[in-house]
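The values are calculated or read from the model by the stated rules, or taken from the named source; none is laboratory data. Nothing here was measured: the structure is a model prediction, and the numbers come from that model. Please note: Cβ atoms are built from the backbone with ideal geometry, for glycine as well, and neighbour counts cover all protein chains shown.
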Amino acid sequence: MMEALTLFLEATARTAVPLAFAALGECVAERGGVINLGVEGAIIGGAFGSLIGASWFGLAGGVIAAAVCGGIIGALFAVFVVRLRANQIIAGTAMTLLALGLTGTLYRASYGTTGAALDIPTLPVISIPVLSDIPIVGRAAFAQPITTYLLVVLVALTAWWLHRTHAGLALRACGEAPIAARAAGVRVQRLRAGALVYAGVTAGLGGGVLVLAQTGTFAEGMSAGRGFVAIAIVVLGRWSPVGTVLAACLFGAASALQVFFQASGANAPYQLFLALPYLLTLLALAGFAGRTRSPAALGLALDD
Amino acid sequence: MNYTLARNATAAAVVVCGTLALLAAIVAVAGYAPGPALEALWRGSFGSWYSFTSATLVRATPLIIVGIATTLAFRAGVFNIGGEGQLLVGASLAAFVVLGVPAGAWSVPLGLGAGAIGGAVWAAIPAVMRHRFGVLEVITTLMLNAVAIQLVGWLVHGPLQEPTHVYPQSATIASPAQLPIIASGTRMHAGVALALLLAAGAWWFATQTAAGFRWRAVGANPHAAAVTGRIDVARTVFIVFVASGALAGLAGAVEVQGVALALYESLSPGYGYTAIAVALLARLDPRAVVPSALLFAALEAGAGAMQRDAGVPSVLVKIVEAALILVVLAFDARQRRRLAVAVVA
């Protein structure tokens with residue numbers, strides 16, 4: 001039983017970490033008033049970038065390349081929705097399509113039409129002495145690749161920045177009342193663009209985790225809808241960085257449960273577990289789980 | 001009128017030539033020969049009567065119907081991006097009803113009606129949530145797309161699974177429930193004609209009726225629409241939402257009864273999402289949805305042939321689709337700026 005629980009928590013963490021990376025940046029972007037449907041594209045871009053980076057410069061190069069590729073996609077998205085004031089939904093869809101197409105084509109063009117797997121070593125697991133020996137939760141929380149610890153640091157920094165600094169306050173103002181924020185001297189466009197680049201970087205890191213810490217290879221379309229899950233996670237986490245991580249764990253647990261049910265051969269409709277987090281998100285939005293409110297100016301471009 | 005027609009024809013020609021040039025350029029940059037690739041693309045999409053009807057038109061059908069749904073919704077300021085989920089639920093309900101009711105002359109309309117109802121119900125959820133709780137439909141429709149995928153997965157592994165319980169799909173629907181083939185020797189079914197009729201009807205509705213005008217007024221400026229005192233904005237938004245869902249659901253029923261002939265998980269290769277691009281390229285004009293859908297359908301139909309015959313990865317077409325969308329967005333931004341300058345001056 002304890003063995004099963006340990007495995008279950010480890011599986012939860014494995015699903016939750018890439019999702020939490022992507023959702024963390026998405027949370028910041030949405031607090032600034034931009035809904036970023038291009039997050040899926042940044043994940044796949046980061047995944048592909050990390051493979052190239054790692055095969056040329058080693059694992060550290062892979063992590064950096066993932067962040068850079070995600071950041072580039074975030075910056076391109078920012079050009080369209082911030083500079084050109086394009087519709088955020090359509091521009092985001094286009095970014096995702098573009099990244100899926102580019103990575104798929106580049107992968108096929110570089111590694112053959114068969115898409116023969118290019119394997120790279122995965123990041124080593126770093127066990128924290130003593131803590132990782134705690135029964136049940138120890139391995140899931142304290143025997144992780146370095147990227148998981150990076151996530152913890154990023155979440156703490158992001159939460160502090162968003163809620164405890166002037167710039168964070170200004171960004172939140174951009175998401176609630178951009179015109180008032182601009183009147184108060186906030187550079188709305190610049191802050192939003194910055195938030196989008198950051199969202200791209202974290203989503204890219206999420207994609208990098210998939211390759212560098214988990215599979216050790218790239219597959220076409222391996223982001224597999226995680227970007228859309230990340231958007232749900234931000235809502236369920238009530239637009240706060242820490243809440244986002246908790247919501248990511250919930251999605252991770254639901255997915256792990258589903259795998260266990262399928263493996264055990266029990267005749268339960270495992271699809272229910274996969275749908276459950278989304279249903280919870282909808283219920284939360286309908287006000288069944290306390291007050292959940294999106295930033296007031298979410299999805300709107302700043303008018304001149 | 002003739003001027004508009006000429007301008008639209010020019011725009012369409014520019015779009016098609018631009019798309020082909022871009023495709024050729026990307027193919028060349030990726031290290032393949034553009035000539036054979038374009039030739040294969042042509043063969044797979046327009047090159048023969050069979051490929052035009054069975055590959056391009058059949059693929060364009062759901063794109064036209066969901067494209068209209070998206071056009072009408074976006075025009076009214078309803079950002080329903082749940083076309084994919086509404087299509088899947090419509091397909092599920094159509095399959096459920098058609099398989100459950102003894103087949104007969106009524107089976108085709110019954111299935112199509114069930115599809116529309118399924119899509120409408122699935123769209124009513126975000127419509128109510130927007131109305132009651134002020135929740136952004138972008139988020140809710142996206143969530144419901146994910147739920148719909150799981151719903152189909154459950155149905156084809158559970159209650160609707162075919163009798164031998166081997167394959168994750170429903171039983172094949174009886175032939176009276178299938179949409180008739182309207183060109184012998186091809187896979188072109190009556191849904192193709194239905195889609196064209198719907199496009200014409202949507203154009204007529206949007207531009208020639210009072211209700212269509214109200215829908216557009218609500219989208220153009222909800223506050224102005226409300227102060228006229230003659231338009232119930234909340235009610236209009238709800239109706240638009242449900243109607244666009246019904247259309248998307250109908251597209252799902254058409255897929256089940258015309259193409260798939262059973263319910264399975266990979267029924268839609270993202271038609272609901274591609275339809276957003278289709279509607280955008282059509283500049284939210286129901287008439288233009290047809291050529292726009294044909295272009296996207298031809299690209300996807302041709303992509304398969306390109307991979308098979310010229311060894312060019314079919315996923316490459318996605319870059320072209322994305323570039324098309326981005327060019328339109330950039331073009332829009334430029335026009336807006338010109339307009340703003342004109343107003344100031």
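Results, tabulated for the structure shown:
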| quantity | calculated |
| --- | --- |
| Neighbours by Cβ (under 6 Å, 6+ apart or cross-chain): first from segment A:94-112, more than 12 Å from B:V317 (Cβ to Cβ); second charged (D, E, K, R) | A:T96/A:E40 |
| Qualifying residue in segment B:157-167 (condition: within 30 Å of B:E265 (Cβ to Cβ), of a type in the set (A, V, I, L, M, F, W, C) and in contact (Cβ under 8 Å) with a residue 60 or more places away in the chain) | yes |
| Test result for A:G101, part of a helix (DSSP H, G or I), touching a helix residue (DSSP H, G or I) at 6+ places or on another chain (Cβ under 8 Å), buried (at least 19 other Cβ atoms within 10 Å of the Cβ) and within 14 Å of chain B (Cβ to nearest Cβ) | yes |
| Hey, B:V78 outside any helix (DSSP H, G or I), crowded, with 24+ Cβ neighbours inside 10 Å and in contact (Cβ under 8 Å) with a residue 60 or more places away in the chain or not | yes |
| Boolean, A:A180 is of a type outside the set (D, E, K, R), in contact (Cβ under 8 Å) with a residue 12 or more places away in the chain and in a helix (DSSP H, G or I) | no |
| Any pair with Cβ under 7 angstrom, 6 or more apart, that starts in segment B:252-269 at a residue that is over 13 Å from B:A116 (Cβ atoms) and ends at one that is polar (S, T, N, Q) and part of a helix (DSSP H, G or I) | B:L263/B:S92 |
| Residue that is touching a helix residue (DSSP H, G or I) at 6+ places or on another chain (Cβ under 6 Å) and over 22 Å from A:A86 (Cβ atoms), where the choices are A:G175, A:G207, A:G200, A:G216 | A:G207 |
| Subset of segment A:81-93 that is of a type in the set (A, V, I, L, M, F, W, C) and either touching a residue at least 12 places away in the same chain (Cβ under 8 Å) or under 22 Å from A:S50 (Cβ atoms) (or both) - its residue that is nearest to the other protein chains (Cβ to nearest Cβ) | A:A86 |
| Of the criteria (1) in a helix (DSSP H, G or I); (2) more than 27 Å from B:A146 (Cβ to Cβ); (3) within 14 Å of chain A (Cβ to nearest Cβ), which one B:R283 fails | (1) |
| Looking only at segment A:282-294, and only at residues there that are buried (at least 21 other Cβ atoms within 10 Å of the Cβ) and either more than 8 Å from chain B (Cβ to nearest Cβ) or at pLDDT below 85 (or both), the one that is nearest to A:E26 (Cα to Cα) | A:S294 |
| Only listed residue being modelled with pLDDT of 95 or more and part of a helix (DSSP H, G or I), chosen from A:I89, A:I73, A:I52 | A:I73 |
| Any hit, segment A:244-257, residues being in contact with a Cys (Cβ under 6 Å, 6 or more places away or on another chain) and surrounded by 24 or more Cβ atoms within 10 Å (Cβ to Cβ) | yes |
| Residues located in segment B:116-139, provided they are facing chain A (nearest Cβ under 8 Å), closer than 17 Å to B:R235 by Cβ and either in a loop (DSSP other than H, G, I, E, B) or in contact with an Asp or Glu (Cβ under 9 Å, 6 or more places away or on another chain) (or both) | B:M129 |
